[in-house]
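Structure first, commentary second.
The values are calculated or read from the model by the stated rules, or taken from the named source; none is laboratory data. Owing to the predicted nature of the structure, the values given are computational and were not obtained by experimental measurement. Quick reminder, even Gly has a Cβ in these numbers, built from the backbone with ideal geometry, and neighbours come from all protein chains shown. Quick note on the areas: whole protein, heavy atoms, side chains included, nothing else; ligands and nucleic acids left out. Shrake-Rupley method; radii C 1.70, N 1.55, O 1.52, S 1.80 Å.
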Amino acid sequence: MEAVARSSERAGAAMRSRAEVDATLQTAKLNPAELLPAVHCLSFGPQAGGGECCLLQLEPGLCAELEAGRSLIIRGEKDEHAVLCSKDKTYDMKIADTSNMLLFVPGCKTPEELNTDPASCNIIHSQIAGFSKNYWELRRCRPKLKKLRKLLMEDPYEGPDSQKDQTSTFSRYTTEDLLSLIQASEEEILHQLQYTTEDLLSLIQASEEEILHQLQVIDACKIEGYWRVLDFDYEMKLLSHVTQLIDSESWPLSKVPLCACLEELGSLEPREMIEHVLLSYGRKYVDDGEVFFEMREDKICRAIAQMLLQNAVKFNLSEFEEVWQQSVPEGMTTRLDQLQGLALVDKSSRPETIFLLKVEDLPEDNQERFNSLFGIREKWTEVDITPYIQDLCAEKQTVGALLTKYARSSMLNGVKVFNSRRPIS
């Protein structure tokens, strides 16, 4: 053990001698033989104070990132709880209090370092630069990505010929009004609801890799340097062009040539949009130097189901299944399991019905998500509710663990069902 002599004297006070240190140890009834010979004598520096420094407790992986020269970024707007982001992970930040005063001592050596440094001075005089009674504790959390889709859906891309009104906070003004009021170009004003990668990094509480991955998941694309999502009707128009061409050319769904698609459809839509919809609904590969796409049956069937359901409150299930199968490209087979997290079947109604319920439209907060789901349906089977809560699972957490925390189970006609643990208004 190392002996530490604390002094409340400010810098400039007389340094303690070995005799004074020994007297202090004797008063404290400590045996010098059980301690390392080196002694830290602490005094407060001229600028020492509380609240000027913050301590952050880091796991070894995050320490390694800082030591490698990478950055950790705190993200969040004024109305959001701050999170800390590394290159690929997101962490909740929480203040943890400690009963012991934490002192900041620059250049302070640990007992292990002193043990290996025989040249260490017998008495080490150190100044306290600051102190704190708490520190920031980090806990891995899900990235808060719901806002990403919300921002991009403010101005979905409807095609090169779209003349839609700008639905921004400036919509009550004409472009001429804005140009006279704001020191910005017309192009800058019209891009108020469009976002670059840097914009999204400053607005979304997630790491860069998590944001870029989510942009792929929602099939966003860059148009003139801004991230955009396609308007659903325009996306279906592009997909229809592609599937009709596949049918007319009798191409196998597993081998759709990119060059031929661009050549045939380039006069109807921008070539970049044709390639984007192929990337969204197909798997790209190269065969003998030529680029092909294998079309993804499940995703295409799912998109066509959404198109059929979006304008109906409820749809007779048997009628829907018939119309759905007739609407997909020849050679594709529709299945209800393709609609997980998109639509919900009501088996209790007569006849059975199906209606649109998209998981991305539900709240991001765990409790709010369960409240919303139990407001829609009082009792859920695990099979039905899983697609709507599995994205809430934290690292190493299961759907079963979530249900145990937020729901109560019971048996209904021999089937295990879950209902809310609290009253739903």
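Here are the numbers:
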item	result
Cross-chain or 6+ apart pairs with Cβ under 7 Å, segment 294-314 first and of a type in the set (Lys, Arg), then open to solvent by 70 Å² or more (accessible area, probe 1.4 Å)	ARG296/ARG283
Near pairs, Cβ below 9 angstrom, 6+ apart or cross-chain, from segment 347-365 (more than 16 Å from THR381 (Cα to Cα)) to any residue that is in a loop (DSSP other than H, G, I, E, B) and polar (S, T, N, Q)	LEU356/GLN310; VAL359/GLN340
Hey, PRO351 farther than 27 Å from VAL256 by Cβ and open to solvent by 60 Å² or more (accessible area, probe 1.4 Å) or not	yes
Any hit, segment 108-127, residues being closer than 30 Å to GLU198 by Cβ, among the hydroxyl-bearing types (Ser, Thr, Tyr) and touching a Cys at 6+ places or on another chain (Cβ under 9 Å)	no
Residue among GLU264, GLU209 that alone is surrounded by fewer than 19 Cβ atoms within 10 Å (Cβ to Cβ), under 30 Å from MET93 (Cα atoms) and either modelled with pLDDT of 95 or more or within 23 Å of the chain's Cα centre (by Cα) (or both)	GLU209
Test: CYS63 is in contact (Cβ under 8 Å) with a residue 12 or more places away in the chain and either open to solvent by 40 Å² or more (accessible area, probe 1.4 Å) or part of a loop (DSSP other than H, G, I, E, B) (or both)	no
Residues being closer than 25 Å to SER250 by Cβ, in a loop (DSSP other than H, G, I, E, B) and of a type in the set (A, V, I, L, M) - total across segment 304-352	2
From the options GLU378, GLU395, residue that is open to solvent by 50 Å² or more (accessible area, probe 1.4 Å) and either assigned to a helix (DSSP H, G or I) or within 25 Å of ARG140 (Cα to Cα) (or both)	GLU395
Selection status of GLU80, within 22 Å of LYS133 (Cα to Cα), touching a strand residue (DSSP E or B) at 6+ places or on another chain (Cβ under 8 Å) and among the acidic types (Asp, Glu)	no
Residue selected from segment 315-346 under the condition in contact (Cβ under 8 Å) with a residue 60 or more places away in the chain and surrounded by 14 or more Cβ atoms within 10 Å (Cβ to Cβ), by the criterion farthest from MET236 (Cα to Cα)	MET332
